[in-house]
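To keep things clear, I will list the structure first and then write my remarks on it.
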There are 4 protein chains.
Amino acid sequence: MTKVLVTGFGPYADTPTNPAQLAAEAVDGRVIAGASVVSRIVPGAYFESVAATVQAVDEVGPELLIMLGEFGGRSMITVERLAQNLNDCARYGVADTAGEVLNGQPTAPDGPVAYWATTPNRAMVIAMRRAGIPADLSDAAGTFVCNHLLYGMLHHIARHDLPIRAGWLHLPHLPEVAALDRNLGAPSMSVDTAAAGISAAIEAAVTHTDDIADPFPSRLQI
Amino acid sequence: MTKVLVTGFGPYADTPTNPAQLAAEAVDGRVIAGASVVSRIVPGAYFESVAATVQAVDEVGPELLIMLGEFGGRSMITVERLAQNLNDCARYGVADTAGEVLNGQPTAPDGPVAYWATTPNRAMVIAMRRAGIPADLSDAAGTFVCNHLLYGMLHHIARHDLPIRAGWLHLPHLPEVAALDRNLGAPSMSVDTAAAGISAAIEAAVTHTDDIADPFPSRLQI
Amino acid sequence: MTKVLVTGFGPYADTPTNPAQLAAEAVDGRVIAGASVVSRIVPGAYFESVAATVQAVDEVGPELLIMLGEFGGRSMITVERLAQNLNDCARYGVADTAGEVLNGQPTAPDGPVAYWATTPNRAMVIAMRRAGIPADLSDAAGTFVCNHLLYGMLHHIARHDLPIRAGWLHLPHLPEVAALDRNLGAPSMSVDTAAAGISAAIEAAVTHTDDIADPFPSRLQI
Amino acid sequence: MTKVLVTGFGPYADTPTNPAQLAAEAVDGRVIAGASVVSRIVPGAYFESVAATVQAVDEVGPELLIMLGEFGGRSMITVERLAQNLNDCARYGVADTAGEVLNGQPTAPDGPVAYWATTPNRAMVIAMRRAGIPADLSDAAGTFVCNHLLYGMLHHIARHDLPIRAGWLHLPHLPEVAALDRNLGAPSMSVDTAAAGISAAIEAAVTHTDDIADPFPSRLQI
């Protein structure tokens, strides 16, 4: 049976409850299009996040790796298309959960500038929209731990030539986090809505080995 | 037993599913702080909306009237503080559900410029935030059917000196509506989240006859 | 010769340079559609602002009063349609320039809930857009000193039955203010662009005693 | 004398007047920190844009190449950090000025996933902010002609090992373009403000061969 590894993060910075944790837990154990989902929560720290996800990959043996993170300020689930070899905390004014602050350092000193995610991104966006979940493509995964982990896993998979497709879904704040004074005004999405979107995206990723060619309109232009 | 009348609208314009309808139906029959909630769906047309709500008030006999509407583009449940005696469809580029287009006409030719809602608005916002629901005050209910109905009911209650407190909650798009091409990028809120917020707001309105004095930060400045 | 009094404010809160001051000074002395513009900078404090503007009206004797303020976060020049009898600093987390914090107090304890501006607002918006200046109508002048002064002057003019039409233009941040860390990401508008918009709006106000009927699309829905 | 080549584009899609053209023309001939600026307007078409810029580089012989484009919806001048080997018109719903629509094709079939701009990007952002111009870093140059030209020139310079540093500045809409119905609500920036920012950025790029290490806050997180 095809296995899908889903990863999430716990609390960090201004986010006491991480949608990536709750949504990963919500889809854990689901069987989607004949594939079984196994979820793991990994550390929200630059270098530990990659080590923990590599270990989870070794243990679970997935054909598909879907990593989840929070992107406060976004209103839709966004499918990241690209990860770059650059870490830059300054943009967010925060340290990672290990207290590490990186401002300009690469993830892999010998790695390429960037990798593309190997998931069928258009198919995943269209599947989520058809399921009634606001979703879009993104070309900017940020320069914090999310981009780092996506880059790190794509680099790991490429160097070891592993038969694993890997991609990233960014989730909006949870409502209870957007209700806090410090995040006020930010859009939000409930765990149930996020989990429904993730399931639709996984179904699309499992059933499409190539991406679809159909273009579609997008609003996430910045 | 105290009665709370909640009103919602059905589909209109670019909104095939109205959060105000689904949320009104979700709280219908709930008993909140000893008050029983009765929900009614009223027409989304300027003048019929007031007539239908006046009739529902006559039938239900509420002490508290909470009207619901959709405000596409907002990320939070907003408590409207003011309704003005002006209808202006041009801003939205749409007609009401009866095909009526008003651009500058008053709701009540002999009425005052504006009314304030008579609900404890600060208490309602704080109660929703404490319940984990993004919420804020608003001073602009728009110039479409929502503002019209709020003005119309406050005018009706004032002229007839009815012992009814009345206010308005604006809801973001539903996720399935924000997932449509024409609304893409707009923030959204699930029915469950909206209904939890409405319940918290009703509890605050039932238990506070005066509003609270505590100010709080706000982000809805436009 | 028709006289137009334009007022602006100086620095306050997070705004070390006020576009309302620089733009008022930029149009001072201009002759527009046969009307001469006289500008005055008034205090950015709740009650002093009204007293100073009343005094300026007495001295200048204008037929038209155009008051200017800054509305950080807006991208367009906005023509305010309504002022309400409510002051609420909490929304902004700031005091006025006299250190006064009002949270719920009226401007005029015996005044009506709201006044409408008596300027031809649609004509002013259309004239600005035709001049290439982003502009829109607004129904929410806020609850800080701007709304207070607009309400205060409309109340003064109404009580004394003065033959003066009065309205309000809100300006975006200046670029140098939007470049500060604390305002980063906010849209901005240069003094030259703002002054060109104000001149176009004044020309429309001088030449239209009635507002135009043509509706137009609007994006400032929140 | 050090030479700086600045490129801009003409009208396209919903932009009848391109800030990149007007700003390029405004800085043409300026001498900045001892370097002379030469501006050229290049075609807004995928493949012609690279050919024309390569030819301009050959003719002018610059040490520094600063390319300009419009990014409607952004409020600040943004310094692009990365260009990717992917063209995708679907996001924008437009063709290039030659009528070409690319949805997924690479710029260089044999090229790497991405290049980083070789300008001192942090220094340029800080210099613009100090000059009073709203500015920020960006990691997403889009997937239209701007990203294509930036990728194309970085690829050309890398393959031919040319001693030219190259980067990109994205400009907001001009006010007259943001005043059009179809762009209403978008932030804007005047030509004078944009040209002042570009000059400050060029001065920083000429005087910093290495980027500065100081991080700074950013708001362009999406």
Please specify each residue of the stretch D:8-18 satisfying the condition of being out of contact with any Pro (no Cβ under 7 Å at 6 or more places or on another chain) and either open to solvent by less than 10 Å² (accessible area, probe 1.4 Å) or of a type in the set (D, E, K, R) (or both). D:Gly8, D:Asp14, D:Thr15
Can you name the condition, by its number, that D:His173 falls short on among (1) within 14 Å of chain C (Cβ to nearest Cβ); (2) out of contact with any strand residue (DSSP E or B) (no Cβ under 7 Å at 6 or more places or on another chain); (3) open to solvent by 10 Å² or more (accessible area, probe 1.4 Å)? (2)
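Only one of C:Ala114, C:Ala166, C:Ala108, C:Ala131 is open to solvent by less than 30 Å² (accessible area, probe 1.4 Å), aliphatic (A, V, I, L, M) and either in contact with a Gly (Cβ under 8 Å, 6 or more places away or on another chain) or at pLDDT below 95 (or both); which?
It is C:Ala108.
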Kindly establish whether B:Met67 is within 16 Å of B:His155 (Cα to Cα), in contact (Cβ under 8 Å) with a residue 24 or more places away in the chain and under 18 Å from the mean Cα position of the chain (by Cα). yes
Which one is farthest from the other protein chains (Cβ to nearest Cβ), of the residues in the stretch B:98-115 that are within 20 Å of C:Phe216 (Cα to Cα) and not acidic (Asp, Glu)? B:Gly99
Could you grab me the full set of residues in the stretch A:199-219 that are touching a helix residue (DSSP H, G or I) at 6+ places or on another chain (Cβ under 7 Å), open to solvent by less than 40 Å² (accessible area, probe 1.4 Å) and more than 9 Å from every other protein chain (Cβ to nearest Cβ)? A:Ser199, A:Ala200, A:Ala201, A:Ala204, A:Ala205
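Out of the residues in the stretch B:121-139 that are more than 14 Å from the chain's Cα centre (by Cα) and part of a loop (DSSP other than H, G, I, E, B), which is farthest from the other protein chains (Cβ to nearest Cβ)?
Looking at residues that are more than 14 Å from the chain's Cα centre (by Cα) and part of a loop (DSSP other than H, G, I, E, B), I get B:Ala131.
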Filter the stretch A:71-90 down to the residues that are within 7 Å of chain D (Cβ to nearest Cβ) and in a loop (DSSP other than H, G, I, E, B), then identify the one that is nearest to the chain's Cα centre (by Cα). A:Arg74
Residues (out of contact with any Asp or Glu (no Cβ under 8 Å at 6 or more places or on another chain), aliphatic (A, V, I, L, M), part of a loop (DSSP other than H, G, I, E, B) and farther than 20 Å from D:Phe144 by Cα) located in the stretch D:1-43: D:Met1
Output yes when any residue across the stretch B:176-198 is more than 14 Å from chain A (Cβ to nearest Cβ), more than 15 Å from the chain's Cα centre (by Cα), surrounded by fewer than 24 Cβ atoms within 10 Å (Cβ to Cβ) and farther than 19 Å from B:Ala108 by Cβ, and no when none is. no
Residues to consider are B:Tyr46, B:Tyr92; find the one that is modelled with pLDDT under 95, crowded, with 23+ Cβ neighbours inside 10 Å and not polar (S, T, N, Q). B:Tyr46
Breaking point among (1) open to solvent by 20 Å² or more (accessible area, probe 1.4 Å); (2) free of Cβ contacts under 8 Å to residues at least 60 places away in the same chain; (3) of a type in the set (A, V, I, L, M), for B:Leu82: (1)
Among the residues that make up the stretch B:142-154, is at least one of them touching a Lys or Arg at 6+ places or on another chain (Cβ under 9 Å), touching a residue at least 24 places away in the same chain (Cβ under 8 Å) and assigned to a strand (DSSP E or B)? no
Working only within the stretch C:166-206, note down all residues that are assigned to a helix (DSSP H, G or I), under 30 Å from A:Ala90 (Cα atoms) and of a type in the set (A, V, I, L, M, F, W, C). C:Val177, C:Ala178
What's the number of the condition A:Met76 fails, among (1) hydrophobic (A, V, I, L, M, F, W, C); (2) surrounded by fewer than 23 Cβ atoms within 10 Å (Cβ to Cβ); (3) farther than 21 Å from A:Arg165 by Cβ? (2)
Of the numbered conditions (1) in a helix (DSSP H, G or I); (2) free of Cβ contacts under 8 Å to residues at least 24 places away in the same chain, A:Val101 fails exactly one; give the number of that condition. (1)
D:Phe144: passes all of (1) over 16 Å from the mean Cα position of the chain (by Cα); (2) open to solvent by 10 Å² or more (accessible area, probe 1.4 Å); (3) within 12 Å of chain A (Cβ to nearest Cβ) but (1)
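Just for the stretch D:58-72: of the residues that are open to solvent by 10 Å² or more (accessible area, probe 1.4 Å) and touching a strand residue (DSSP E or B) at 6+ places or on another chain (Cβ under 8 Å), which one is farthest from D:Val6 (Cα to Cα)? Even if it seems obvious, please write down each step before you answer.
First pass over the stretch D:58-72, keeping only residues open to solvent by 10 Å² or more (accessible area, probe 1.4 Å): D:58-61, D:63, D:70-72.
From the residues that got through so far, the ones that are touching a strand residue (DSSP E or B) at 6+ places or on another chain (Cβ under 8 Å) too are D:60-61, D:63, D:70-72.
Values: D:Val60: 10, D:Gly61: 12, D:Glu63: 11, D:Glu70: 14, D:Phe71: 17, D:Gly72: 20 Å.
Result: D:Gly72.
The values are calculated or read from the model by the stated rules, or taken from the named source; none is laboratory data. Just so you know, these numbers come straight off a predicted model, no measurement behind them. Glycine gets a Cβ as well: all are built from the backbone with ideal geometry, and neighbour counts include every protein chain shown. The area values use the complete protein model at the heavy-atom level, side chains included, leaving out ligands, DNA and RNA. Shrake-Rupley method; radii C 1.70, N 1.55, O 1.52, S 1.80 Å.
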